[in-house]
Amino acid sequence: MTLDRVRIAPSPTGPLHIGTARTALFNFFHARHTGGTFILRLEDTDVARSSIAYEKDILDGLHWLGLRWDEGPEVAGEAARGPHAPYRQMERLPRYAAAAERLIADDMAYPCYCTTEELDAERKRLEALKLPPRYSGRCANLTPEQRAAFEGEGRRPALRFRVGEGTVVIDDIVRGRVEIDVSNLGGDFVIVRADGTPLYHFTVVVDDAEMEITHVIRGEDHLSNTPKHILLFRALGHTPPAFAHLPLILNADRTKMSKRKSQTAIDDYRAEGFIPEALVNYLALLGWSTGSDDEVLSLDELIERFQLTEVNKAGAVFDRERLEWLNGQWIRRLGPDDLVERLRPFLEAELAAGRIDRLPADGELKALLPVVQERLPRLGAIGDLVGFLWVEELDIDPALLIPKRWDAATTVEALRAARETIAEVGRVSYEADELEPPLRALAEARGWKAGDLFMAIRVAVTGRTATPPLFDTLVALGHDRTLARLDRAIEALPDE
RNA sequence: GCCCCCAUCGUCUAGAGGCCUAGGACGCCACCCUUUCAAGGUGGAGAUCAGGGGUUCGAAUCCCCUUGGGGGCACCA
């Protein structure tokens with residue numbers, strides 16, 4: 001029995017897309033679960049839209065998600081891996097040319113001299129007649145003389161594949177038996193452009209055949225095109241692989257997820273502080289489920305449980321709320337050193353943006369983790385949460401300074417008293433446990449609700465009404481800075 | 001327009017004829033915990049299983065139709 005060979009074949013015409021990442025994940029799960037081979041192939045034949053920058057973004061993104069390919073292109077000086085190199089389609093041109101020659105020799109493909117304008121006109125005419133777009137086939141049976149005449153006009157031909165007649169049956173692993181009549185394929189389709197570059201439907205088949213792909217796992221948007229591929233496999237003398245068409249990931253309005261309506265770039269999620277564990281977990285459960293109630297699953301657990309046959313058929317709306325929840329779950333599972341390291345780039349971004357004035361040392365950050373970790377839905381929330389610790393001058397909205405049930409006079413009085421109490425505590429030591437009792441005692445002695453006093457202090461030293469626990473925050477801030485900020489707040493309040 | 005696919009709480013889903021007066025999770029609401037915010041705990045609202053016909057003793061589960069939604073139909077991938 002031969003091992004399964006699957007592939008992810010992204011096109012470097014945009015940044016790594018959520019949908020591509022999900023497809024990659026399912027292929028990867030299948031390969032790892034079955035002990036098969038996961039292959040990365042770059043489909044860069046749309047030269048006009050492809051770029052190295054996008055290619056890098058895609059490769060980096062897949063890598064960041066934790067996907068490692070067994071076979072793939074050479075990257076950054078590292079040699080290509082696998083027996084079927086190269087894995088970049090523009091470097092495989094001779095193979096497509098050879099395959100095209102074979103099809104021409106067998107008369108399964110023929111040159112088409114129609115111009116883009118002629119084709120467009122034809123399509124428009126059909127559309128006006130409310131007929132489905134379809135190639136007329138007018139170059140299908142040209143005589144050598146007619147061809148020579150077109151060549152004489154200087155026309156360069158594209159190459160079209162003869163679709164013939166009959167129906168094609170797809171035995172899809174997730175959708176079951178799907179039958180499509182060849183007459184609905186839109187006529188003979190172009191496989192090589194007039195400029196000689198091959199087109200997707202052709203390259204995908206040539207490569208899947210040559211790379212001995214056993215399972216094509218891809219989005220449902222390719223289902224209707226699959227008959228074209230099956231026809232080409234046969235024409236090329238290959239048995240088609242098994243197909244598994246995954247349900248689409250949808251915008252909130254249930255249309256295919258798009259950049260226009262959703263945040264689709266994986267890198268944008270990374271920049272917000274979503275961690276790969278969460279993204280992988282979330283994406284795995286979009287269109288597939290374990291059948292159990294377990295939902296927080298690691299990459300290894302997902303691989304262990306993944307079954308292609310359990311993939312759903314219906315499209316799935318991308319739900320950011322649920323992703324955020326999972327992200328929080330995974331952030332809370334991170335070890336302290338790991339979390340500190342992952343937080344670093346986000347703090348640097350805060351600094352670069354001028355939202356903080358200095359970077360905390362690792363130890364300082366680590367000491368903060370017990371009160372910070374469970375409050376981070378995303379790593380990028382760190383600045384919002386405790387950025388006030390690392391700014392020189394706090395900008396405080398004076399209106400916030402006065403607790404809801406208090407007036408300015410009470411607040412000034414309370415902050416002065418609190419300042420004295422805190423200063424007193426600081427003379428001995430300065431720990432959260434030691435701050436709380438005297439401040440509570442102060443509140444009781446003056447007849448204030450402890451919560452109001454704490455809120456006044458909180459806003460005075462952080463500028464915010466929602467923070468990590470107050471006493472830990474005061475300790476993190478340090479004795480001197482706490483006092484200084486209290487002084488400033490007292491000054492900011494109107495004098496009585 | 002033609003072809004194809006799909007259809008269970010707002011969302012992700014469990015469910016493969018009786019275990020379903022439909023389960024879980026996110027979100028939402030309430031309560032508990034509590035100095036705020038989170039996290040956590042408990043409870044709740046939320047789905048006549050798109051609708052209609054069959055098949056069957058029995059249907060969310062099988063069949064048909066209707067409706068709705070989506071995808072595809074490029075010298076894009």
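Quick rundown of the values:
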| read-out | value |
| --- | --- |
| Qualifying residue in the range A:332-342 (condition: more than 21 Å from A:GLU392 (Cβ to Cβ), of a type in the set (A, V, I, L, M, F, W, C), touching a helix residue (DSSP H, G or I) at 6+ places or on another chain (Cβ under 8 Å) and assigned to a helix (DSSP H, G or I)) | yes |
| Set A:GLU91, A:GLU78: member being of a type outside the set (S, T, N, Q) and over 30 Å from A:ILE275 (Cβ atoms) | A:GLU91 |
| Residues satisfying the stated conditions in the range A:441-469, i.e. more than 29 Å from A:ILE382 (Cα to Cα) and part of a helix (DSSP H, G or I) | A:ALA441, A:LEU442, A:ALA443, A:GLU444, A:ALA445, A:ARG446 |
| Pair list, Cβ under 8 Å, 6 or more apart: the range A:433-462 residue more than 9 Å from RNA strand B (Cβ to nearest atom), other residue of a type in the set (Ser, Thr, Tyr) | A:PRO438/A:THR421; A:LEU439/A:THR421; A:LEU442/A:THR421; A:TRP448/A:THR410; A:ALA456/A:THR411; A:VAL459/A:THR465; A:VAL461/A:THR473; A:VAL461/A:THR482 |
| Strands (runs of 3 or more DSSP E) enclosed by the range A:91-194 - at least 3 residues per element that are touching a strand residue (DSSP E or B) at 6+ places or on another chain (Cβ under 7 Å) and within 24 Å of A:HIS222 (Cβ to Cβ) | A:158-161, A:167-172, A:176-181, A:189-192 |
| Flag if A:PHE29 is in contact (Cβ under 8 Å) with a residue 60 or more places away in the chain and within 18 Å of A:HIS215 (Cβ to Cβ) | yes |
| Criterion (under 25 Å from A:ALA460 (Cβ atoms), modelled with pLDDT of 95 or more and not in a helix (DSSP H, G or I)) met by exactly one of A:ILE356, A:ILE396 | A:ILE356 |
| Selection within the range A:442-496 - under 44 Å from the mean Cα position of the chain (by Cα) and on the phi > 0 side of the Ramachandran plot | A:GLY463, A:GLY478 |
| Yes/no for A:THR309 being closer than 23 Å to A:THR34 by Cα, in a loop (DSSP other than H, G, I, E, B) and among the polar types (S, T, N, Q) | no |
| Residue in the range A:156-164 that is of a type in the set (A, V, I, L, M, F, W, C) and more than 20 Å from A:LEU142 (Cβ to Cβ) present | no |
| Some residue of the range A:476-491 being outside any helix (DSSP H, G or I) and either touching a residue at least 60 places away in the same chain (Cβ under 8 Å) or exposed (fewer than 13 other Cβ atoms within 10 Å of the Cβ) (or both) | no |
| So A:ASP120, is it within 11 Å of RNA strand B (Cβ to nearest atom) and either farther than 14 Å from A:ARG41 by Cα or surrounded by fewer than 12 Cβ atoms within 10 Å (Cβ to Cβ) (or both) | yes |
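The rows are residues; the columns are (1) more than 7 Å from RNA strand B (Cβ to nearest atom); (2) free of Cβ contacts under 8 Å to residues at least 40 places away in the same chain; (3) under 24 Å from A:GLU101 (Cβ atoms); (4) surrounded by 18 or more Cβ atoms within 10 Å (Cβ to Cβ).
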{"site": "A:ASP171", "(1), (2), (3), (4)": "yes, no, no, no"}
{"site": "A:ARG175", "(1), (2), (3), (4)": "no, no, no, no"}
{"site": "A:GLU179", "(1), (2), (3), (4)": "no, yes, no, no"}
{"site": "A:GLY186", "(1), (2), (3), (4)": "no, no, no, no"}
{"site": "A:PHE189", "(1), (2), (3), (4)": "no, no, yes, yes"}
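Per-residue answers, yes or no, for (1) more than 6 Å from RNA strand B (Cβ to nearest atom); (2) surrounded by fewer than 17 Cβ atoms within 10 Å (Cβ to Cβ):
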{"site": "A:LEU279", "(1), (2)": "yes, no"}
{"site": "A:TYR282", "(1), (2)": "yes, no"}
{"site": "A:TRP288", "(1), (2)": "yes, no"}
{"site": "A:GLY291", "(1), (2)": "no, yes"}
{"site": "A:THR309", "(1), (2)": "yes, yes"}
{"site": "A:ALA314", "(1), (2)": "no, yes"}
{"site": "A:PHE318", "(1), (2)": "yes, no"}
{"site": "A:ARG322", "(1), (2)": "no, yes"}
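Listed here are the residues, each with its yes/no results for (1) out of contact with any helix residue (DSSP H, G or I) (no Cβ under 7 Å at 6 or more places or on another chain); (2) within 30 Å of A:LEU286 (Cα to Cα).
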{"site": "A:ILE18", "(1), (2)": "no, yes"}
{"site": "A:THR23", "(1), (2)": "yes, yes"}
{"site": "A:PHE28", "(1), (2)": "yes, yes"}
{"site": "A:ASP44", "(1), (2)": "no, yes"}
{"site": "A:GLU91", "(1), (2)": "yes, no"}
{"site": "A:ARG95", "(1), (2)": "no, no"}
{"site": "A:LEU103", "(1), (2)": "no, no"}
{"site": "A:PRO111", "(1), (2)": "no, no"}
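The values are calculated or read from the model by the stated rules, or taken from the named source; none is laboratory data. None of these values were measured; they are calculated from a predicted model. Positions of Cβ are generated from backbone atoms using ideal geometry, with glycine treated the same way; all protein chains shown enter the neighbour counts.
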